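Readers should treat all values here as calculations from the given coordinates under stated rules, not as data from a laboratory. These figures come from a predicted structure and were not determined experimentally. Quick reminder, even Gly has a Cβ in these numbers, built from the backbone with ideal geometry, and neighbours come from all protein chains shown.
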Amino acid sequence: MSRVVINNLSVRRGNKLAVDNLSLTLEAGKITALLGPNGAGKSSLVLALAGVLPVEGGTVEIDGQLVSAKAPEVIRAAGLAAVPEGHRVLAGLSVHDNLLAAGFGHKASVAEEAVADVYGIFPELAERKAQKAGSMSGGQQQMLALGQALVARPKFILADEMSLGLSPLIVKRLMGVVVKLAEQGTGILLIEQFTHIALKLADEANVMSRGRLTFSGAPGKLIDEPDILHRAYLAQ
Ligand SMILES: Nc1ncnc2c1ncn2[C@@H]1O[C@H](COP(=O)(O)OP(=O)(O)OP(=O)(O)O)[C@@H](O)[C@H]1O
Ligand SMILES: [Mg+2]
C-alpha cells in the first residue's frame, strides 16, 4: 500500500515556523482531512510537500523514497501532485494547452493519454478545449486546476481549499470526483473551509493550529465534539 510519511516537518515563513514539527501519514485510497483556522499553516504544508517552499527540518517520504527538499518536478514524478489554493491556471492559454503544459516530463503520447483521461472525468472541460482558461467560470477553472494535477497520474493529491468561492452545486461535483479518485486508490489530503463537507467524506481528520496538529482521529469525533474544532479556531 502506497503512503506518504511526513516526519517532524518544519517550514519557515519569515521569522516564524508556519509548520512546526508536524508528522502525518497519507495512505493510498484514503481521504485525510486537514482543518484549521486562517494562518494555521495548511497551505505552507502543501507548498513544502510539493517542493515549492523550502523545508527547514524533518522528512517526507513517498513509499520509502525521500522527497523532502527535492525539486517540484521530482516530487510530482514520485507521485505527489498539489492543487494549490486559488486555482492557478494559465489564464491566456486554452484549456487543452493548460492540460498539456501540466504533462511536462511525460512522453507526448503519454501526456495526451493522461489529458484524454481528464476529459473523461470532466466532460465540462472536453467541451471547452479551445476556450481560454481565464474566460471560464471559477468552478470550471477549479476543475482545470484539479485536471492539471491529474495529468501527472499522481498516487497522492493535495487539494487546498478547492471549494473556496464556488457554488454548492460545483462543490458537490468536485467532491464527487475526489471521492471517486479515492475509491480508485488515490490518497487525498483534503483541506476545506467547509469543515462539515470534509468531515463527511474523510477517513481521518486532523486539526492544525499555529503550525501544529492539535487533533488527529476519527472525523465522527469532531462532529460529535465540535468544541475540539472551535478551540483550534480560537487559539490561532
Ligand atoms: N508569503 C508569505 N510570507 C511570509 N509569511 C507568510 C506568507 N504566506 C503565509 N505566511 C504566514 O505563514 C503562516 C501560515 O500561513 P498559511 O497560508 O500556510 O496558512 P493557512 O492555514 O493556509 O491559512 P488559510 O486558511 O488562510 O489559507 C501565517 O502566519 C502566515 O501569515
Ligand atoms: Mg491556505
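Determine, from the Cβ-Cβ distance of Glu61 and Lys129 and an R0 of 30 Å, the FRET efficiency 1/(1 + (r/R0)^6), rounded to the nearest 0.05.
That pair, Glu61 with Lys129, gives E of 0.20.
Rounded to two decimals, what ratio of Rg to Rh does region 90-153 give with C-alpha atoms and a Kirkwood Rh?
Across region 90-153, the Cα-based Rg/Rh ratio is 0.93.
May I ask you to list the residues of region 129-152 whose amide nitrogen lies under 18 Å from a point 7 Å from Cα along the Cα→beta-carbon direction of Arg173?
The answer is 129-150.
Compute the FRET efficiency between Ser94 and Lys180 as 1/(1 + (r/R0)^6), taking r as their Cβ-Cβ distance and R0 = 35 Å, and round to the nearest 0.05.
0.85
Show me the trypsin sites (Lys or Arg not before Pro) within region 72-109 that DSSP assigns to loop and that have at most 15 other Cβ atoms within 10 Å of their Cβ.
For trypsin sites (Lys or Arg not before Pro) across region 72-109 that sit outside H, G, I, E and B with at most 15 neighbouring Cβ atoms in 10 Å, the list reads Arg88, Lys107.
How big is the chain by Rg and Dmax over its Cα atoms, in Å?
Over the chain's Cα set, Rg and Dmax evaluate to 17.2, 52 Å.
Which percentage, to the nearest 5, of the DSSP beta bridges contained in the chain is antiparallel?
55 percent
For region 90-153, with only Lys/Arg (+1) and Asp/Glu (-1) charged at the beta-carbon, what is the dipole magnitude about the Cα centre, in debye rounded to 20?
120 debye
For region 98-236, give the magnitude of the charge dipole about the Cα centre (Cβ charges: +1 Lys/Arg, -1 Asp/Glu; no others), in debye to the nearest 20.
Here the size comes out at about 260 debye.
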